[in-house]
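Visitor: Okay, here's the structure, questions in a sec.
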Amino acid sequence: MTKPEDERHTQAEGGRPLSQEGDAHQRPEAPRQSETRRKKDAHSEAEGRAEGNVSERDPSLRLFDLHCHLDFAENARELAAGLAQRGIGALSVTVTPAGYVRAAALFAPCANVRTALGLHPWWVADGRCTEDDVAQFEQLAKDARFVGEVGLDFAPAHAASRDVQLAAFERVAHACAEGGGKVLSLHAVRSADTVMDVLERTGCAESCACVLHWFSGTSDELQRAIKLGFLFSVNPRMPATKRGRAYVRAIPADRLLLETDLPPESAARYDAADVETPLRATLAELAALRAEDPEALGARIALTSERVLQA
Ligand SMILES: [Zn+2]
């Protein structure tokens, strides 16, 4: 079930697979030690803001997908209900502000789903999102607690739009930093340092809980993100690469989250089992790679997920 998603990414990358294996560009900048202390604990910060959590609303939730695109499915509401039946909570990210408005209304009755306000870098890169969309994002961000998918993509297929992406993402980060207290699901392909630069410069890195979705940067960038207190949502494609396996071993247990990035764009009907299967497979793989008990690791990830998703 990851095939269609791979195709989506491959297609959007202009036929170039998003393999992270050979992508170790050099980074002259070492992680900055001073930021370790400056960064508050994202978890306790989120905890302090919350009045309840998803498990209190639905104590049967035990597994969480922290980056999915439920609104891509034709049967989105049914899919959300199917996930609830399986005890799965979800952070459903969107790719445009208009898409967020639609998805937020669609999932409003679904206690197991949080909807995130998105401005996906691919949509900015190819002009499907314009200045008007960025302005709409800024307006909606005032009331949105969950933000994503946002970020930068400097892979060759999108690198020509680097400046446009950067200008839009700066505004996104400023809008999020203004009220603070948000959860951001971040796309950072060949751009993790730049994404972190923007998040630090705007104050987002400190005032919001930042989750790097499908991290694929360098090991220096990984260390910098860990020092900044960021979280990492891991999908089945991360442990499929040598570098990804090293990364999922290096990420502190309390920063780990699971994700699927599913369904693929323009999915027709989609089944909750096709979300649950990769989530469980990723958890099993993480536990094996880290030589941890799968149940204990699952419980820990569920706890972190609840804290991130509480609202
Ligand atoms: Zn995504």
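Derivation of every value follows stated rules applied to the coordinates shown; laboratory data play no part. Here the structure is a predicted model, which means the values were calculated and not measured. In this analysis, Cβ positions are derived from the backbone assuming ideal geometry, glycine residues included, and neighbour counts consider all displayed protein chains.
Visitor: Just order 194-200, 165-171, 182-188 by mean Cβ neighbour count inside 10 Å, highest at the front, would you? Intermediate values should be presented prior to the final figure.
Guide: Working: 194-200: 22.6, 165-171: 19.7, 182-188: 26.9.
Averaged packing, sorted descending, gives the order 182-188, 194-200, 165-171.
Visitor: While we're looking at this one, here's another question. Counting Lys and Arg as +1 and Asp and Glu as -1, what is the net charge of the other residues whose Cβ lies under 12 Å from the Cβ of Glu138?
Guide: -4
Visitor: For a protection proxy built on the mean count of beta-carbon atoms within 10 angstrom, sort 287-299, 115-127 highest first, please. Working shown, then result.
Guide: Numbers: 287-299: 13.8, 115-127: 23.8.
Most protected by this proxy first, the peptides run 115-127, 287-299.
Visitor: Rounded, prolate or oblate: which fits the range 48-309, taking a ≥ b ≥ c as square roots of the Cα gyration tensor eigenvalues, rounded meaning a/c under 1.5, else prolate when a/b beats b/c?
Guide: On the way: a/c = 1.44, a/b = 1.15, b/c = 1.26.
Because its axes are fairly even, with a/c under 1.5, the range 48-309 counts as rounded.
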